[in-house]
Each structure stands twice: as C-alpha cells, then as structure tokens.
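Asker: The structure that follows is given in the form of structure tokens.
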Amino acid sequence: MASVLTLDNVNVDNMTVLVRVDINCPLLPGTKSFLDISRIRAIVPTLNRLTGAKVVLLAHQSRPGKQDFTTTLGHSRELGRLLGRPIQWVDDLAGEKAMKAIEALKCGEVLMLNNVRMYDEEINTEGDFNTHSETTMVQNLASVADLFVYDAFACAHRSTPSGVGFTYLIPCVAGELMKNEINQLNRAIENPARPCIAVLGGIKVDDSILVADNMLRNNICDEFWPTGGVANLLLELSGVEIGAINHDFLVNELGKLWHQTVETAKSLLSDFGDKIRLPVDVAANIEDNRVDLRLAELPIDAPIFDIGIQSILNLSAAIKSAGTVHLNGPAGVFELPDFAFGTVEMLNACAETKGYVVVGGGHTATLIAKHGLAKKMGHLSTGGGACLDYIAGKTLPAVASLEASAEAFTLNIARSVDQ
C-alpha cells in the first residue's frame, strides 16, 4: 500500500468525508430482511476512525432487475444497530434533498445516501476517471466534501462514478477494510509460506484459469488443485471424456470467452502439468442420486456435480500440509446435500490446517460463515471478483484511482496533517 494514502495520512476532524462502501447483502425474498450482515459489520472499523468527521456513505444493494434490488434504508438501520447510534438516511443521492442533508450534518454524525445503482449515471456511465468525474452525481458530491474514502473492496474491480469519479477532484484514501484486504492478499502473494497451493473452483472458470496462470507463471503457488467447473474443463483438455452434457454446460457458461479460456488452459497443462493436481474421480448426479465414478468410467450422460471421494481425501491432505492456501469457489453443487461433501470437507481442511488460508468472497465466504469457520481462516475476503482479479495480477480500477489521487494530492494531504 506504499503508493496509496490511507486514513493514517490525514486528519479527518471537522471534514466532510464521502465513504464508498460495499454493504450489498443477501436478502430474504419477499420481506427483504437480511440473511447475512457481514459486509455491513466489515465497515465499522473505518467508521470508528471517522468519529470526528461528518460522514456521508455511498452504497449499493444489488442492481436493477434483480429481486433483491432495493433502497439502503434497511442498511442504515442495521448499521445504526451495530454502531449503537442512529444513522441518518435520505431518499436521494446527489439532488437537493441530499445536498441539504449533507449541509446539516454535524461532526460525528453519519448520513447514508440512497442506493447509487438507482441512478442512471452509476449504471450507464463508461470511460476513464475524468469521464466519471463529469457526472452530475460526482460533481455535486465533490463540491461539498473534503475527502473521499474508498472502502468497497468487493467493487474494486469495477470502474464506476461512485468508485473512481473523485480521483482528481478531492483527495482519495483507502479505508481500513480496503487497506486490510490489500495487505493480506499481498502477504499471501508476495512471500507466501511454502508449500503454497491454489484451490480454485466454482463456475467462474475463465477467472480461475487466469488466476492459476498468474500464480503458476510467477511462482506464487507450488501446486494448483482445480475443482468444480474448472476441474471439468482441465479434465476434458487432458483427454478425459467428461460427457456431452458437461461439455455443453462449460461452453454455455463461458460463451464468447470459451476459445480464449481453452487456449490459456491448454498452455497451463502443457507448461505446468506436473504442478496441476486433477481429480482422480468425480461424483455425477444420476436420477437425483450421488454416484462416485473413477475417470476410467467416464464419459457419462449425467452432470458432474462434485469431485469424488478419493479426490476429496487427496485435496484435504494437501490443504492440511500447506503453508499457504488460496481458496476460491466451491468444489461442487453445494446447494444439493448429496453434492456438498467435497466443498464441506475442503472447508473443514482449511479450518484445521496450520497454514495461512486466504478465501475469496462470494459463495465460499457465505458457506464459511454458515458453518462458523470464519475465525479459523487467515483472511476471509469480502470480494469475490475483486479478489480473483487481484490475485490474477489485474489492475483494479479502484486501486489505480487511489494511486493516481495519492500522486495528485500528496502535498495537500501532508499540509493538512501538519496543521
């Protein structure tokens, strides 16, 4: 984080501070009550650093067209309960109501604005930092703020006005959650305890293949253990006939990324075949029953929903003997009890290992929380896609924005600290 400013670099007392957070939570359909408030809880350390400021929160919940797309009113109430003090809320983002509410804030008070994705500028704007800065939303909010704090790691891989539009308008610094995410991921990437293994699964096959490519080519990991759809693709490319139903599923999931992903995967198998630990058996869903099959028993006209028993034993042993484990994505269709075995055993092994475990967000993080294993992991990331992109070596727009802002505003920040 050397090229990014943090709250340690600025005195926020008496400032009006905009804070972009990601408190997007799973909601119960119908009532829209919270199923998990982990992301709301995760921003508390940053807010505790801003008690001398006037705080304005920018947040989103889902996106237009989805059942859990709603206002942030419930989030403000839940945050108030966690903090033990009321959180103001306004049904506006950057209009007259929002401007008046911000102007009326007193030091120590917190105001949450409405869901940023309810406004066209956040959804429809494309372009660079300067383009985003020209939106009415950013211009209005920047005009009444002294500082922008980015604390939405789970959105860090997206370029949007609320995330990167303030880059050159006001000083931008990383919040406590953002700082911790980058520091913990860097720890597991730059100097991982050995052996370091990458366990990548789920249906984001293209992302996982890019992560594996970066980790193997840069000697970050010593072994790559694919599960889920990632394993099915690599099995097929290594010569195992997985069956038409499983092949077609992968083609449909990857869409236009199919050929690109296949080429990268083929290169991985060619260049690092000795470091890739493919499953030795799988579990297929045959008439709603789990049937474990050796690879020699494939192909089969049924969907593969999990890695097999022997593969689970092999993976668990590797995790328990590793110095560092990068884990992202379930091992199978965990929503079905018969096919959750691989995923559950994988997570149990991560909880038992003495190594440092870094877990990507999304479904994996939710499962870990559900099984009460969060405290047994080294680092449980709040971001799924952002975590994958960072480990894949991609530049995250939010990080690039913080770096650019730090370069542009370093002298002004330094002066404010001296004063």
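Asker: Only one of (1) at pLDDT 95 or above; (2) outside any loop (DSSP other than H, G, I, E, B); (3) in contact with a strand residue (DSSP E or B) (Cβ under 8 Å, 6 or more places away or on another chain) fails for residue 182. Which number is that?
Answerer: Of the numbered conditions (1) at pLDDT 95 or above; (2) outside any loop (DSSP other than H, G, I, E, B); (3) in contact with a strand residue (DSSP E or B) (Cβ under 8 Å, 6 or more places away or on another chain), the odd one out for residue 182 is (1).
Asker: Give segment 350-373 a look and list any residue that's in contact with a helix residue (DSSP H, G or I) (Cβ under 7 Å, 6 or more places away or on another chain), of a type in the set (A, V, I, L, M, F, W, C) and touching a residue at least 60 places away in the same chain (Cβ under 8 Å), or say none.
Answerer: Of everything in segment 350-373, those that are in contact with a helix residue (DSSP H, G or I) (Cβ under 7 Å, 6 or more places away or on another chain), of a type in the set (A, V, I, L, M, F, W, C) and touching a residue at least 60 places away in the same chain (Cβ under 8 Å) turn out to be 358, 369.
Asker: Within segment 243-272, can you find the residues that are on the phi > 0 side of the Ramachandran plot and crowded, with 17+ Cβ neighbours inside 10 Å?
Answerer: Of everything in segment 243-272, just one residue is on the phi > 0 side of the Ramachandran plot and crowded, with 17+ Cβ neighbours inside 10 Å, namely 243.
Asker: Give segment 72-88 a look and list any residue that's touching a helix residue (DSSP H, G or I) at 6+ places or on another chain (Cβ under 7 Å) and without any contact (Cβ under 8 Å) to a residue 24 or more places away in the chain, or say none.
Answerer: Of everything in segment 72-88, just one residue is touching a helix residue (DSSP H, G or I) at 6+ places or on another chain (Cβ under 7 Å) and without any contact (Cβ under 8 Å) to a residue 24 or more places away in the chain, namely 86.
Asker: List every residue pair whose Cβ atoms lie under 7 Å apart, where the two residues are 6 or more positions apart in sequence or sit on different chains, the first residue falls within segment 188-208 and is more than 18 Å from residue 354 (Cα to Cα) and in contact (Cβ under 8 Å) with a residue 60 or more places away in the chain, and the second residue, located anywhere, is assigned to a strand (DSSP E or B) and aliphatic (A, V, I, L, M).
Answerer: 208/200
Asker: Only one of 265, 322 is out of contact with any strand residue (DSSP E or B) (no Cβ under 6 Å at 6 or more places or on another chain) and within 30 Å of residue 389 (Cβ to Cβ); which?
Answerer: 265
Asker: Then there's this: If I ask for residues that are in a loop (DSSP other than H, G, I, E, B) and closer than 12 Å to residue 401 by Cβ, which ones from segment 134-156 would you list?
Answerer: Hits for segment 134-156 are 152, 156.
Asker: Next question. Looking at 181, 176, which one is among the charged types (D, E, K, R), buried (at least 20 other Cβ atoms within 10 Å of the Cβ) and out of contact with any Leu (no Cβ under 8 Å at 6 or more places or on another chain)?
Answerer: 181
Asker: Sort out for me the helices (runs of 4 or more DSSP H) sitting completely within segment 300-395 that have 3 or more residues that are in the same structural domain as residue 209 (by TED's automatic domain parsing).
Answerer: 309-320, 341-352
Asker: Would you pick out the residues in segment 251-298 that are within 27 Å of the chain's Cα centre (by Cα), in a helix (DSSP H, G or I) and closer than 19 Å to residue 341 by Cα?
Answerer: none
Asker: Only one of 94, 53, 104 is of a type in the set (A, V, I, L, M, F, W, C), without any contact (Cβ under 8 Å) to a residue 24 or more places away in the chain and in the same structural domain as residue 17 (by TED's automatic domain parsing). Can you tell me which?
Answerer: When all the criteria are applied, what remains is 104.
Asker: Right, next: Do we have residue 305 as farther than 27 Å from residue 217 by Cα, without any contact (Cβ under 8 Å) to a residue 40 or more places away in the chain and not acidic (Asp, Glu) here?
Answerer: Taking the combined requirement at face value, the residue satisfies it.
The values are calculated or read from the model by the stated rules, or taken from the named source; none is laboratory data. Being a predicted model, the structure only gives us computed values, none of them experimental. Don't worry about glycine lacking a Cβ; one is built from the backbone with ideal geometry, like all the others, and counts go over all protein chains shown.
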